1. Largest first, please: the extent of the C-alpha atoms of the stretch B:117-202 along each principal axis, to the nearest Å.
2. Between the alpha-carbon centers of the stretch B:405-421 and the stretch B:381-400, tell me the distance in whole angstrom.
3. Label residue B:383 and residue B:367 with points 7 Å out from Cα along Cα→Cβ: what is the distance between them in nm?
4. Which residues make up the longest stretch of chain B clear of GluC sites (Glu not before Pro) that lie in a DSSP loop with no more than 13 other Cβ atoms within 10 Å, not counting the sites?
5. Ranking B:178, B:319 by Cβ neighbours within 10 Å, fewest first, what do you get?
6. What is the gain in length, in nm to one decimal, between residue B:429 and residue B:94 on full extension, counting 0.36 nm per residue of separation less the C-alpha to C-alpha distance?
7. Just the number, please: Stokes-Einstein D of the stretch B:59-170 in µm²/s, Kirkwood Rh from C-alpha pairs, 37 °C, 0.692 mPa s.
8. Between the stretch B:485-523 and the stretch B:83-150, what is the separation of their alpha carbon centroids in Å?
Amino acid sequence: MSTATLTGPRTSGRTDTRPDPRTPAPARRGTAPRRPAATTRRDATTEARASGTAPFVLLIMVLLTGGLVATLWLSTAAAADSYRLDEARQVARDLSEQSERLHRDVEAAQSAPALAAAARAQGMVPAGEPAVLLVHPDGSSQVIGDPRPAQAVAPPVTPTLPAPATPADPAQVNGAQAATDGQQAPPPAGAAAAEDQLVAVPDDGRPAQDADRPDSTDPAGT
Amino acid sequence: MPRSAATLSRPPARAPGGRAPGGRRPAPPPPPPRRPARRPAARPPDPRRRLRIGRVLLVAVLLLCTLKLVEVQGIRAGDLSADAARQRTTRQVVPAERGSILDRYGTPLAFSVEAKALVANPRRITADWNEPAVRSQPGSPTADQRKSAIALGMGRILGTDPGPIFQALTSDRSYVVLAPLVDPGAARQVREAFPEIAEEDRESRQYPAGDVAATVVGSAAWNMDRQKIRGSIGLESALDTTLAGTDGFRVVDTAEGSDAVIPGTTRAEQPAQAGRDVVLSLDTDLQYAVEQRLRDYTARVGARTGSAVVLDAHTGQVLSMANSGSFNPAAPGTPGSQLSNPSVTSPFEPGSVNKIVTMAAAVEAGVVRPEDVLTVPGSIRFADRTISDAWSHGTIHLTLNGVLGRSSNVGTLMTAQRVGPDRFASMLEALGIGTRTGIELPGESPGSVPAREDWSGSTFGNLPIGQGLSMTTLQMASMYQAVANDGVRVPPRIVEAEVGADGVRTPSPAPPGVRAMSPQTAHTMRDMLQSVTQDGHGGDRGTGPAAAMPGYPVAGKTGTAQQVDPGCGCYSQSNYWITFAGMFPAQDPRYVVALMLDRPPGGDSAAPLFHDIGAYLAQHGNVPVSTAPPRHVPLTLP
């Protein structure tokens, strides 16, 4: 409040000394000879001011237009980027799903039962018991074990097998049997293989097995 | 300044209000004359009055608003903002991925993949397609036509039978699961084709090895209540907390009525802790080979069931645990499935396999030496019972090797009498019979051994020959592992390590070993056990030469135990448990194998099965062959 009162007189004083085009006072008070001069001065200042305002307005307009264009461009770019991002995300998701699927398929195909089934399908048979050829330091060699060709065996008993392993078993195994140089696996083929493995033990082991049985005359009182 | 003051003072409203213009400079006077000029023409309603009423009304409304504002912002602020937050805020569960189960070489036995369940609301589909607006459109299908189109389309995309899908869609329910586990890609395809179908997140458990090791690994399936995959059988169940991990959560704002998350509204977030991978000591290839051989042999001899355990001779780790029965972990309910793991859950009487307890106790106590000759009569009396050998003989002379090699009951009981029941009982305990091994598998049985104070006279005539007490196949293997590991029994374990989500491997702590006998005794026992697989003529032939392998000396023991006939409560004369436990190479064992066959009708020995499994193990484990000639010691003396 006090500032206002203080500035009041100062302003008026300045108006007196320096004519301000905004205040009509000099015009009113002024004398005839001063008038044209004052008018020219005022016109000049108005012109000067007009010529000073126009670039400013232009600048503002340019800035505003520029800003608007930039905003539009940025939002368009952002929208376009979001589409690309979305697309990329979709591709990434598809790829990760694919990799998961492939991982699963590879694991299923690598599993022991699937490999065994695939080997059977190709007519392969288990190698059985290998014989070992041992070379001594003096150059002599020794065969340990009884080398014999592998024989086709009946497909192993698999009550529940994963899906990829099941198809095309019997036909392939039959093929495998035919492929082993005419040696027919007598039914059941598994028994034949077992006999082979028993060859290491001449005679049969029956009496020995019986020796295990504990006293059979006396029921234990437990 | 003066001009603006004039503009301000122009509205006459204030002047009649009675307020003096104060220090304001007097305004030019025009208004007063204008007003009186109008007044005579105007009718009674006084604008000042109207304005006053309006002002009062405005103030009243403002006051009301203020009051409401105070109520909303001040008094009920907490409740209302809580309500709003509740409407917006959603706590989303971030599911933790279940850990895998791997074998010792990192081959997965069980792992999880992302999957979707396709669900629908059949009632809503019916209602939507029966709406008059839809019905009035020419060519629009009826609800049933639409449903059949959905079923056919889904069947085509998923490669399944559309019949059950159609049935589910035509049921009068508001929620049906059309396909429980679908590949995410296929689920998306279905959803895009048929907007009526919704998808839900699921996790699908994969068992690439199928039924191999299924009784050990077990099975896990989606649990609707917990919205999470849960183990129900085997290790999947026993190690569920380790495998499952901890679900995380995220508190976000969502647009009401949808799951769309408003970006940047995440308030709290706790990441999910993925489940830990469990590395087993199993070897999948070996497991497959053992299972095949066991199944073949069980089927060939006609036994009801069989089980086999292979242990690492030094660490006691389970390399293979096989049962003749198994199941498909992806469909555990299939008829004919065997879900349990009898190798650890089903004890049986071991028979002569248990004779090593007597022999080890006798050698450890120094009461006998392997070369000692025993004069063995045809039978021996124990309290009220007479026990004879499985083959009838008069008095013969058997070395201690022969007593074990030919599995003489009478000779063993004579030795047991020299050992005494206390030393026998403590050896039985040291070998872990009657106590659980503590393996990580669920449902382990401790077997049974009569308490020492309850022993009657005939009890000590039964236990040394492996009747009247029971053990699991795993315990039997562990007993022989002590002999193989120079007398220190390391309780068997099947979980080798756990691997965290960060890839850090934490090995399972090794259980403390139990010294059951001195290294010398273990060495002597391994020698004596080779007599069992010794091939010879007449009295120098052991009971299990079929277990012998060329190039690999085998130390083992055959066993045959009578089963209790539930009809008479006595020992059956026709039903037997056939067992075999052994190790190879005999003097520096790498593997311990224990086998059990339940009721083979012909009473066939399990020794050939040991040979089959041993031959595979020798080849699989690159066990060096021995060039030493097979051990041959006299078993029977004239």
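1. Result, largest extent first: 38, 23, 21 Å.
2. Rounded to whole Å, the Cα centres lie 9 Å apart.
3. Taking the simple label geometry, residue B:383 and residue B:367 are separated by 1.8 nm.
4. B:372-638
5. Lowest count first: B:178, B:319.
6. 115.7 nm
7. The Stokes-Einstein estimate is 159 µm²/s.
8. Here the answer is 48 Å between Cα centres.
Here, each number is a calculation from the coordinates, and none is a lab measurement. Keep in mind it's a predicted model, so treat the numbers as computed, not measured. Here Cβ is always computed from backbone atoms with ideal geometry, including for glycine, and neighbour counts include all displayed protein chains.
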